[in-house]
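**Q** My questions will all concern the structure given below.
Every read-out reported here was derived from the displayed coordinates using simple, explicitly stated rules and does not represent laboratory data. Since this is a predicted model, take the numbers as computed values, not measurements. Quick reminder, even Gly has a Cβ in these numbers, built from the backbone with ideal geometry, and neighbours come from all protein chains shown.
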Ligand code: WQD
């Protein structure tokens, strides 16, 4: 069974390719390498012993997408990670985000609609909830007005898929709303490779721990939470990758209740920024140099998942603790800085 993974050289994509191969799927990756490195193929191969097929294609080029599907008629399913994902950048360059995240989605869906049957997994995000009113967040929490064009592309993406599935009986899709992915594969062969100064918390913590950054800025400790810092649901990337395989198999095996479903993918536990720092200090044995500064505009106070639907209907549950995930991030940081 051949599965296309777009953005398969990226952080979550590469970990999902590993899990797919280990479940016996044949994988072909499309990536434009704009925010990833072809070297990641070596890491995947080192773990699984199987080098995935890879084609460097810019999915914004419609004729290239059509040509790919003509040459790979045996693709049974697509896991679609390829997208731009920097919240701040999306505010400065909205059209880059709408073209790259929406245009490419439409081209992929058009190809899948030509097939009698196709399974499609969409990389969505808890960002669609904005600051939800109730914790933990369930899938039927209202989708709020997006705080950024990036978040808007995830909301629009879900709507485009839902509308298409309504009129395309052969198309079965699942949107996975990720909470905060973190960590690296236990083999330390693949992991997060942020380009430039990391936007996300965990890579900034590990880069500070290894001395690449002088100090972590904690964006505010005056939030209405126990320790004053924001709370998030930090999910280990391998747990998240496994969720994609479970979701894909649900569709391939025809177990889905509707031809468009949505699942939160998180641990169900919230951790504050200070708790994440304490986790790093426990697993590394190092004191982290940080300083509390002003809030970062656009940050929400709290977000963590209600995972009942994923646990009971999808049949997936996160298995790793925050410390285990943080340890993997630290081991990876040390390895890539060797
Ligand atoms: C987490 C917490 C920061 C950096 C974003 C996207 C989301 C998803 C994950 C793509 C916040 C604090 C951070 C730092 C800090 N991306 N922080 N100092 O903002 O929850 O989610 O990334 O899908 O869509 O919105 O993640 O890691 O940036 O921040 O204090 O140097 O860490 O204020 O409270 P976020 P994050």
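**Q** Rank by packing, highest mean first: peptides 181-189, 300-308, with packing defined as the count of other Cβ atoms within 10 Å averaged across residues.
**A** 181-189, 300-308
**Q** Related question: Hey, how many Å between the Cα centroid of segment 49-102 and the Cα centroid of segment 120-164?
**A** The distance from the Cα centre of segment 49-102 to that of segment 120-164 comes to 20 Å.
**Q** A further question on this structure: With a 10 Å Cβ neighbour count serving as the proxy for reagent exposure, in which order, fewest first, do 16, 164 appear?
**A** The fewest-first ordering by Cβ neighbours comes to 164, 16.
**Q** Rank 237, 18, 75 by mean-square fluctuation in a GNM of the chain with C-alpha springs under 10 angstrom and give only the top-ranked residue.
**A** Among 237, 18, 75, the largest GNM mean-square fluctuation belongs to 75.
**Q** For the Cα atoms of the chain, what angle does the longest principal axis make with the long axis of helix 149-166, in degrees from 0 to 90, nearest 10?
**A** 30
**Q** Which value at 222 nm does the chain reach when only helices count, each DSSP H run of 4 or more adding -39,500 (n - 2.57), with the total divided by all residues and rounded to the nearest 500 deg cm²/dmol?
**A** Numbers: 11 runs with 120 residues, N = 338.
Rounded to the nearest 500, it is -10500 deg cm²/dmol.
**Q** Treating the angle as unsigned and between 0 and 90°, give the value, to the nearest 10°, between the Cα long axis of helix 11-22 and the longest Cα principal axis of the chain.
**A** 60
**Q** How long are the three semi-axes of the equivalent ellipsoid for segment 1-88, computed from the Cα gyration tensor as the root of 5 times each eigenvalue, in whole Å, largest first?
**A** 19, 17, 11
**Q** Using only alpha carbon pairs under 8 Å that are at least six residues apart, calculate the relative contact order of the chain and give it in whole percent.
**A** 19
**Q** Obtain the radius of gyration and the Kirkwood radius of segment 92-163 from its C-alpha atoms and give Rg over Rh. Don't skip to the answer; put the middle values down first.
**A** On the way: Rg = 13.8 Å, Rh = 13.4 Å.
Here the Rg-to-Rh quotient is 1.03.
**Q** Starting from the Cα gyration tensor of the chain, multiply each eigenvalue by 5, take the square root, and state the resulting semi-axes largest first in whole Å.
**A** Values for the chain, descending: 31, 23, 19 Å.
**Q** If you fit an axis through the alpha-carbon atoms of helix 273-284 and take the longest principal axis of the Cα set of the chain, what angle between them do you get, 0 to 90°, nearest 10?
**A** Once rounded, the angle reads 90 degrees.
**Q** I need the fraction of alpha carbon pairs in segment 187-303 separated by more than 18 Å, rounded to a whole percent.
**A** 62
**Q** Something else now. Which residue fluctuates most in the GNM of the chain (Cα springs below 10 Å): 151, 285, 191?
**A** Maximum among the listed residues: 285.
**Q** Among DSSP beta bridges lying fully in the chain, give the percent that are antiparallel, nearest 5.
**A** Here the antiparallel bridges make up roughly 5 percent for the chain.
**Q** If I take every Cα pair under 8 Å that is 6 or more residues apart in segment 149-244, average their sequence separation and divide by the length, what percent do I get for the relative contact order?
**A** 29
**Q** Under the rule a/c < 1.5 gives rounded, and otherwise a/b versus b/c splits prolate from oblate, where does segment 245-290 land using the Cα gyration tensor?
**A** Since a/c reaches 1.5 and a/b is larger than b/c, the shape of segment 245-290 is classed as prolate.
**Q** Then there's this: Post the alpha-carbon centroid distance, segment 243-301 to segment 196-223, in whole angstrom.
**A** Going from one Cα centre to the other spans 17 Å.
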